[in-house]
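Student: Take a look at this one; I'll ask things after.
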């Protein structure tokens, strides 16, 4: 696939950011407005605690500033991600980032001063003023951090150093998205074609083993070149996590990370424990796939290939749209209308272009509709990606519509549930509506690979992060070799003896952007586990399941995440949620075994 320049991509495949551009680049100067609001809030310095009126007015100003900063920051980065080489986009992004941090620094006193107030007085003010009632849960969550908040002077220093503290992630992104380049490779027809991080997914899943090997070697040859540089950025990120957690009085960096969601570390460790106990099921799948591919030896570059080399199908974006709409029609009619709205109003940036950010995501602000970035490549994987990202976007749309700004932005631990429910419903729909045994095998292979990528692999990532951080906390020396050896050993454990863990796979950790948002990836695995339960209940038409799910999607962050899940009917603190996911995995594995057995007899 030839990668076009941004200007060469048909406009119908580009998202519409006009709502945000009108807010950020319209007649009203949002930067000047934010500066004025900031000056107004600073006037309350030392006076916030004097009355319920002062508290309310200060909170209102802070909320308006936060909303403006969100619009500025997100718009700037969305434009930058369209074309990371565009000088105008780079300049605007840098200006927005600088402005964001300057305002945050100026207002570093605000939260510290709020936390200086005795909580009894806060509760008294809320009783006095009906206007303050909407801030009740917001303040309750904030005061949980009181024991982990430093002095005003110390918080100001940390705030001022924020761009430096977080520079590891920026450095990695620049290297990974812009500076790292690849040679062309030969496709299945022997044609020289462009190769990139994003296109790797297509070529590593090729039915031609030579293409898979070339893609695998091409990718990791480049990452091996930068192994020490990337190790330096990641180790710096770990040191940042550990240092900040100690400064703020947490027992560990993982405790600091999970604290915002009020999640106990046992949830994280239960995920690893249950997954490791069920790895034998995944190893059985690996063995089946090896036999189905008729390989004497299965390597890491074989894992992404479809087990049915006789079935190949590409999906245009228009076909993907229709499949996803039909698959999700099992949800209520209002949900279907929102999907149509997403397509009709151009929420989606569809096609890859040169220097576009790799991967896919959904993002947006309270004042605009959510938008989706794809790098669509006509594979069934990207049909699933479309369904996945639409799950995020509809979740955001419902939360924005039903919650005040304070509670619209649902926490990340809940974010992967809606997206993965869509993927499970998509797989179920495609299996039920296929009469072709080859297609069914392909879909089952793809669904089992969803578990591999989302539950097995992300849990392996989670264990890697946990051990790496614990090594730093135990004052062990972290080096590229330590990290690569750790990753390689985990890879062998998780993938088992039926596959050869090629030496190149030791460098895979280098290319995972989510490692720079520490202890994030486990949420994909827990998200899939809960999503399986929700999707199963919706498919089985369990009484009240759909209504509870839509209510959950509309809840934003109006309660602690595990409480919102319990209201939806699922308790993530119970190992049973993860165990049930593996039961569903086993069900699909058994279906796959039957088809494989049938195919052998043909």
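The values are calculated or read from the model by the stated rules, or taken from the named source; none is laboratory data. Note that this is a predicted model, so its numbers are computed, not measured. Note that each Cβ is placed from the backbone with ideal geometry, even for glycine, and that neighbours are counted across all protein chains shown.
Student: What is the residue count in the range 196-219 for residues that are under 21 Å from residue 359 (Cα atoms), assigned to a helix (DSSP H, G or I) and touching a residue at least 40 places away in the same chain (Cβ under 8 Å)?
Tutor: The total comes to 11.
Student: Kindly evaluate residue 94 against the criterion of being under 30 Å from residue 350 (Cα atoms), in a helix (DSSP H, G or I) and free of Cβ contacts under 8 Å to residues at least 40 places away in the same chain.
Tutor: Considered against the rule, which asks whether it is under 30 Å from residue 350 (Cα atoms), in a helix (DSSP H, G or I) and free of Cβ contacts under 8 Å to residues at least 40 places away in the same chain, residue 94 comes out as yes.
Student: Assuming residue 388 fulfils every condition listed in (1) under 19 Å from residue 428 (Cβ atoms); (2) out of contact with any helix residue (DSSP H, G or I) (no Cβ under 6 Å at 6 or more places or on another chain) apart from one, which condition is it?
Tutor: Tallying (1) under 19 Å from residue 428 (Cβ atoms); (2) out of contact with any helix residue (DSSP H, G or I) (no Cβ under 6 Å at 6 or more places or on another chain), residue 388 fails exactly one: (2).
Student: Here are some residues: 358, 307, 362. Which one is under 23 Å from residue 10 (Cβ atoms) and touching a residue at least 60 places away in the same chain (Cβ under 8 Å)? It would help to see each step written out before you state the result.
Tutor: Numbers: 307 fails: under 23 Å from residue 10 (Cβ atoms); 362 fails: touching a residue at least 60 places away in the same chain (Cβ under 8 Å).
Testing whether each residue is under 23 Å from residue 10 (Cβ atoms) and touching a residue at least 60 places away in the same chain (Cβ under 8 Å) leaves just 358.
Student: Same structure, new question: Could you check residue 350 against (1) under 19 Å from the mean Cα position of the chain (by Cα); (2) at pLDDT below 95 and say which number it fails?
Tutor: Here residue 350 clears every test but (2).
Student: Follow-up question, since we're still on this one. Given the criteria surrounded by fewer than 17 Cβ atoms within 10 Å (Cβ to Cβ), under 30 Å from residue 152 (Cβ atoms), touching a helix residue (DSSP H, G or I) at 6+ places or on another chain (Cβ under 8 Å) and in contact (Cβ under 8 Å) with a residue 12 or more places away in the chain, does residue 21 qualify?
Tutor: no
Student: Helices (runs of 4 or more DSSP H) wholly in the range 520-587 with at least 2 residues that are touching a residue at least 24 places away in the same chain (Cβ under 8 Å), surrounded by fewer than 22 Cβ atoms within 10 Å (Cβ to Cβ) and over 20 Å from the mean Cα position of the chain (by Cα) - which ones?
Tutor: In the range 520-587, 522-539, 545-553 are the helices (runs of 4 or more DSSP H) which contain 2 or more residues that are touching a residue at least 24 places away in the same chain (Cβ under 8 Å), surrounded by fewer than 22 Cβ atoms within 10 Å (Cβ to Cβ) and over 20 Å from the mean Cα position of the chain (by Cα).
Student: Quick test of your reading of the structure: residue 71 fulfils all but one of (1) more than 30 Å from residue 175 (Cα to Cα); (2) assigned to a helix (DSSP H, G or I). Name the failing condition by number.
Tutor: Among (1) more than 30 Å from residue 175 (Cα to Cα); (2) assigned to a helix (DSSP H, G or I), the lone unmet condition for residue 71 is (1).
Student: To continue, here is another question. Could you run through the range 75-89 and say how many residues are buried (at least 19 other Cβ atoms within 10 Å of the Cβ) and assigned to a helix (DSSP H, G or I)?
Tutor: Adding up the residues that qualify gives 8.
Student: Sticking with this structure for a sec: Would it be correct to say that residue 329 is without any contact (Cβ under 8 Å) to a residue 60 or more places away in the chain, surrounded by fewer than 17 Cβ atoms within 10 Å (Cβ to Cβ), out of contact with any helix residue (DSSP H, G or I) (no Cβ under 9 Å at 6 or more places or on another chain) and over 17 Å from residue 202 (Cβ atoms)?
Tutor: Taking the combined requirement at face value, the residue does not satisfy it.
Student: Okay, next question. Six or more apart or on different chains, Cβ under 7 Å: which pairs go from a residue in the range 387-406 that's farther than 21 Å from residue 420 by Cβ to one that's not in a helix (DSSP H, G or I)? Could you list them?
Tutor: Every condition considered, the pairs that remain are 402/554; 403/556; 403/558; 405/366.
Student: Could you give every pair whose Cβ atoms fall below 6 Å, whose first residue belongs to the range 128-155 and is closer than 21 Å to residue 404 by Cα, and whose second residue is at pLDDT below 95 and part of a helix (DSSP H, G or I), counting only separations of at least 6 or pairs across chains?
Tutor: 143/119
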